[in-house]
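FYI, it's all coordinate maths here, none of it is from the lab. Being a predicted model, the structure only gives us computed values, none of them experimental. Virtual Cβ from ideal backbone geometry, glycine too; neighbours counted across all protein chains shown.
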Amino acid sequence: MAEKRRDSKGRILQNGESQRKDGRYAYKYIDAFGNPQFVYSWKLVKTDRTPAGKREDISLREKIKDIKRDIDDGIDTIGKKLTVCQLYEKKNNQRKNIKRNTEIGRQCFMNILKKDPLGVRSIDTVKPSDAKEWAIRMSENGYSYKTINNYKRSLKASFYMAIQDDCIRKNPFEFKLSDILDDDTEEKIALTPAQVESLLSFMETDNIYQKYYDEIIILLETGLRISEFCGITKKLDMKNRIINVDHQLLRDSEIGYYVAPPKTTKGNRQIPMTERAYQAFQRILKNHSKGKAIVIDGYKDFLFLNHDGLPKTSGNYDGMVRGLIKKYNKNHTGQLPNVTPHTFRHTFCTNMANKGMNPNTLQYIMGHSNIAMTLGYYAHGSFDSAKAEMERLVA
């Protein structure tokens, strides 16, 4: 009978176990793909002490137990050692045909992950408590609840893919963010009809902001996304009073101007002009000055130009609206809230809902991907609309 192999302490080593000359223990096994793999530890069993100056780790026998369990359960013992960053990248590689904004967002989050301790962790070591600590760190670093929730959703989807690939058993991101962080998301506001008219009256007579009057009218009367609005060209169907929405104009620091499809699959649509919007377009076309000859992805003759004769983008309107509201509030006792260009879209949707527009029709005009967005996220009732509706029903 062959003599049993023993370690330096005289203990019998099991099949696959060995001890190296430097005292470290090793275990050799065959993975699911038939390839030899090794794991190491300075301790054979849990009660052993880690040599001075060596990194603390679980014992070899504990690792062997986990490996055998993984093999029995069909877990990919190599795949589970992917880092969180590698897993996120692998998930993103499953879908390449994405919009520029999505690509930028993914890269932004990857950069954040690389700087966070979670990013270098192997996915099999990430527990729910680690995921929650990540969310808390993100909050402490100044990220909003909404941003953290969006990133959490991405990580949850990535870990779900790892479960499907038999790399791990559980998803550490299966928790409600509201259980650990206060939702500080500001509810989107809509201007009341009285606030709208007061703001427009102010713009009409203000020597700085009167030149933007018709642009704000169109935003309020159409519900266009600001990027869709910026993409409007002189090729307008004024005869039939239709705004054909089939693209949006965007700009970023890397590639400059570019044209992209509408934000959602239902973004391609035709929006009828109200009389007020039609008159605003008429005035803009009449006073339109010729800009620089610029063609962006096949589109030219953009309607809204900056002082350099180049197409405006959302950034131009962000700054303009901030200045407008600041000046308005300085001259009025009735203060307007934090208004952005998106507020005008929100106001349009809310007002149309309060006036009783059919939800499916409103969804179409807004270009929302689903009806829940139209009803639950945008349309908010008011006392005046509730009163009018009750009076109509009991009449």
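Computed over region 81-179, the alpha-carbon pair-distance distribution with 10 angstrom bins reads 15, 52, 30, 2, each value a whole percent.
From most to least packed by mean Cβ count within 10 Å, the peptides 258-270, 41-53 give 258-270, 41-53.
At what distance in angstrom do the alpha carbon centres of region 268-315 and region 109-156 lie from each other? Cα centroid to Cα centroid, the span is 42 Å. Computed from the C-beta positions of Thr125 and Arg20, the FRET efficiency with R₀ = 25 Å rounds to 0.55.
Computed from backbone phi, the HN-Hα couplings of region 274-279 come to 6, 4, 5, 5, 4, 5 Hz, rounded to whole numbers (Karplus: 6.51 cos²θ - 1.76 cosθ + 1.60, θ = phi - 60°; Gly and Pro given as x). Report note on the peptides 167-178, 235-246: ranked by the mean count of other C-beta atoms within 10 Å, highest first, their order is 167-178, 235-246. With only Cα atoms counted, region 193-394 has Rg and Dmax values of 17.4, 59 Å. Panel note: the C-alpha atoms of region 1-102, placed on their principal axes, show extents of 65, 35, 21 Å (largest first).
Placing a pseudo-label 7 Å from each Cα along the Cα-to-Cβ vector at Ala372 and Arg322 gives an inter-label distance of 3.4 nm.
Projected onto planes of every orientation and averaged, the convex hull of the alpha-carbon atoms in region 22-77 covers 4.1 nm². Cross-link partners of Lys239 among aspartates and glutamates, defined as those whose alpha carbon lies under 17 angstrom from its own and excluding same-chain residues fewer than eight positions apart: Glu275. Computed 3J(HN,Hα) for region 10-27, one whole-Hz value per residue from the Karplus formula 6.51 cos²θ - 1.76 cosθ + 1.60 where θ = phi - 60°, is x, 7, 6, 8, 7, 4, x, 8, 7, 10, 7, 5, 7, x, 6, 8, 9, 9, glycine and proline marked x. Taking a virtual spin label 7 Å from the Cα of Lys330 along the C-beta vector, which residues in region 191-222 bring their backbone nitrogen under 20 Å of it? Hits in region 191-222 for Lys330 at 20 Å: 198-213. GNM remark for the chain: springs join alpha carbons under 10 Å apart, and the peak mean-square fluctuation among Lys326, Lys21, Lys156 falls on Lys21. Descending by average beta-carbon neighbour count within 10 Å, the peptides 293-302, 337-346, 212-221 line up as 212-221, 337-346, 293-302, the highest first. All distinct Cα pairs of the chain go into the 1/r average, and the inverse of that average, the Kirkwood radius, is 26.2 Å.
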